[in-house]
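Working notes, structure below.
Read-outs: derived from the displayed coordinates by stated rules, not from any lab. Since this is a predicted model, take the numbers as computed values, not measurements. As a convention, Cβ positions derive from the backbone with ideal geometry for all residues, glycine included, and neighbour counts pool all protein chains shown.
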Amino acid sequence: MSTPQRDPYPDALRAGALLVVVFGHWMATLPRLVEGRLVGTDHLLAAWETAGMLTWLVQVVPLFVFVSAAVSADGVARRMAGNRQRTWWAARALSLARPTVTYLAVLVALALFALLSGGRLLEVFDQSLTIHLWFLLMLLTVQALLPWCLRLDARFGAGAVLALVLAAAALDAVRAGVTSPDELRSIGALVAERPAGIAWLNMLLVWLIPQQLGIAWKRGRFQGVDAGAAFGLLGAAWLLLAMASGYPVAMVGVALAGNNMLPPTLALIGVMWLQVGAVLLLEPLARRVLAGHAPARAIALIGALGMPLYLWHKLAELPAAWLGERLGLPIDAGLPGEPGFWLGRAGWIALCLLMVAPVIAVVLRFELSRDREVPAVEATGRILVGGIALYLGLVAALVWGVWPGAVVALPAVLLASWQLRRRGVDTAPNTNTNTNTDADADADAA
């Protein structure tokens, strides 16, 4: 039986989103040196107010969720008919847990080495080496709800998207304490100055919106450049109104620049409209470009490196800072507007690229040396235990950083990896649930 040809456009979108995330993280890190020694890091958003608007372009997580949902929709529908979706989710969780165990093990080794040797660089980068793991938590959560989202689309169509948006808006209104229509004019300012409270539910509802949009796109509920232009205009108007009402400008979860991410706010939904519009507007041109062999090979390479690059790109900052410090390079380039700042940024990114290459090479060598096709467990109890252990481990690393977070997270994620894999007697007869042969095009990407 021949394998269906992959659609290159979603793969290209995800590859582009991954590169934006990697280079964006490196660009945002501002090493700070005192007398030639690294003493800390700043964030670009803290040093340059204009960077907040740039996050409208580089906050590409909604794009990834949107595309992954579109790619997964048909496969999920097939598995729902065969009652096999939970095993697919277990396989997705396992495919994230296994490489995360390796990453956490290295972080624990580095932490122990730093404690024994008095190393200071790890302390500087401690929290930043685990903060990006939040994406794995969010992705696993929304993908677990793919069947529910498909049912909503089948029953309500685009109305399902509208319902999620209205629910998210209601939570922001409650958070803001809105009691009259006049207060809606300043809802953003009110949200920004109040604790999230019940609006933490938007950590789920808002991230379901791009997933619901992706399913609707796959089902042909909107398409073409006209729809793209409409989404683009909606996004632009949405963001203008959001800024006028007082929402923070930045679309990343950094409290120093305001916070539209923890939890997500109505303002972030404006970025989602813009990204869907861009996907539709660029599709005709992109498909012509992707018809060539060279783009396809580049996209395939980035796709193959997806999970390792996402997991390990932040760690590359550690040796990059060490090398820059030892060579006396201008990795601390001051502030935007000062002479040499952007040249220093380019040098820092070059160092990160130089360091990430051998890191990825070693990781790939290790990953390729062990079994790649590990079937997932089918027993519901073990899926629950493995899933809970994975969530708890990732949360520990997120909250506590490398030390002690990675130390706590490593055994939890190890347990998850062990529980989620199928072993001998766990195999149920005649289920044919090897998700590596029915994994959809997004099974290789994080």
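In the chain, once you exclude exposed GluC sites (Glu not before Pro) (DSSP loop, at most 14 other Cβ within 10 angstrom), what's the longest stretch remaining? So the longest stretch without any such site is 194-372. The fewest-to-most ranking of Asp126, Asp153, Asp182, Asp74 by surrounding Cβ atoms within 10 Å reads Asp182, Asp74, Asp126, Asp153. Taking every C-alpha pair closer than 8 Å and separated by at least 6 residues, the mean separation divided by the residue count of the chain gives a relative contact order of 27 percent.
Cα centroids of the range 336-410 and the range 187-243: 28 Å apart. Think of the range 8-426 as having a plus end and a minus end, set by charges on the Cβ of Lys, Arg, Asp and Glu; of Ile349, Pro210, Leu368, Leu368 sits farthest toward the positive end of this dipole. Beta bridges from DSSP with both residues in the chain: antiparallel share about 90 percent, rounded to the nearest 5.
Would you order Met261, Met243 from fewest to most other beta-carbon atoms within 10 Å of each residue's own beta-carbon?
Working: Met261 22, Met243 16.
If I rank by nearby Cβ atoms, fewest first, I get Met243, Met261.
Overall shape: oblate for the range 1-58, with the ratio a/c of the largest to smallest alpha carbon gyration tensor axis at 1.5 or above and b/c at least equal to a/b. The Gln223 and Thr141 beta-carbon pair, evaluated with R₀ = 25 Å, returns a calculated FRET efficiency of approximately 0.35.
A simple charge model with +1 on the Cβ of Lys and Arg, -1 on the Cβ of Asp and Glu and nothing else charged puts the dipole of the range 1-155 at about 760 debye relative to its Cα centre. Across the range 71-191, the fraction of Cα-Cα pairs farther apart than 26 Å, rounded to a whole number, is 54%. Given +1 at the Cβ of Lys and Arg, -1 at the Cβ of Asp and Glu and no other charges, the dipole of the chain around its Cα centre is 1120 debye to the nearest 20.
Rounded to the nearest 0.05, what FRET efficiency is calculated for Ser180 and Leu282 with R0 set to 45 Å and r the Cβ-Cβ distance?
Working: r = 42 Å, r/R0 = 0.93.
My answer for the efficiency is 0.60.
Decide, for the range 306-389, between rounded, prolate and oblate: order the square roots of the alpha carbon gyration tensor eigenvalues as a ≥ b ≥ c, take rounded if a/c falls under 1.5, and otherwise choose prolate if a/b is larger than b/c, else oblate.
Working: a/c = 4.19, a/b = 2.47, b/c = 1.69.
In terms of gyration-tensor shape, prolate.
Among the listed values (1) 25.2; (2) 24.1; (3) 23.1, the one computed from these coordinates for Kirkwood radius over Cα pairs in Å is (3).
With each label modelled as a point 7 angstrom along the Cα→C-beta vector, the Arg194-Leu305 pair spans 4.6 nm.
Projected label points at Arg32 and Asp74, each 7 Å from Cα along the beta carbon direction, are separated by 5.2 nanometres.
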